[in-house]
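The values are calculated or read from the model by the stated rules, or taken from the named source; none is laboratory data. All values derive from a computational prediction rather than experimental measurement. Cβ: placed from backbone, ideal geometry, glycine included. Neighbour counts: every protein chain shown.
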Amino acid sequence: MQALISKLETIPIAFSTLQKYKPKHCRVILYDNLPSTAKELFGAKYQTVICLYQMHDNKGRTKDGVGHYCLIMKTPSLKRLRYFSSYGLKAEDEIHITHSKGKLLKILGRDATYNRRQLQRIRLVQTCRLHALIRAYLYKLSDGSYYKLMKQFVAKTPDEIVSIMSLAMVFGELR
């Protein structure tokens, strides 16, 4: 099992796979295709949005296959949005790192909340998309409750936990 988990941590799961296995209340979108308002982003049926920041070169062109996934969530019973990054970074930081434009900041507004705990290791793992996918399923949990779930599970790291939790959904990606 450990070898399978280790392999899954290094496989970049396809954008189309996320679209296939996402919950019904979730939208999957490329950062560069974000609309200009939260109303347009979520529409009437979405509670969460998995967003792929693609890395851009110094001329603004995207680098295929290189990027980072985040999750934007509506907050149950509140008007503010929540931003989840498996690195525990704010949107501003991820926009800067990927050389993206700042349009998400307008959508999030000033009242958005951010998780601050890093769950994903920085190197040699491809689990940001799995973290975003599992967090979309568990969006009703507070960030603190989600963090406790990730840390109290029997597996050794949050990357292993999210890999285990999503194994059935992405099994076809394993070759």
Q | Criterion violated by residue 84 - all others in (1) surrounded by fewer than 20 Cβ atoms within 10 Å (Cβ to Cβ); (2) within 14 Å of the chain's Cα centre (by Cα); (3) not charged (D, E, K, R) satisfied | A | (1)
Q: Only residues in region 40-56 that are under 19 Å from residue 133 (Cα atoms) count as the first member; pair them with residues that are of a type in the set (S, T, N, Q), Cβ under 8 angstrom, at least 6 apart or cross-chain, and list the lot.
A: 53/98; 53/100; 54/62; 54/98; 54/100
(Q) Suppose the filter is assigned to a loop (DSSP other than H, G, I, E, B), modelled with pLDDT under 90, within 25 Å of residue 117 (Cα to Cα) and not aliphatic (A, V, I, L, M); does residue 86 pass it? (A) no
Q) Of all residues in region 89-139, which are in a helix (DSSP H, G or I) and under 18 Å from residue 17 (Cβ atoms)? A) 128, 129, 130, 131, 132, 133, 134, 135, 136, 137
Q: Name the single residue, out of those in region 101-128 being of a type in the set (Gly, Ala, Ser) and modelled with pLDDT of 85 or more, that is surrounded by the most Cβ atoms within 10 Å (Cβ to Cβ).
A: 112
Q. Within region 142-156, can one find any residue that is crowded, with 22+ Cβ neighbours inside 10 Å and touching a residue at least 40 places away in the same chain (Cβ under 8 Å)?
A. no
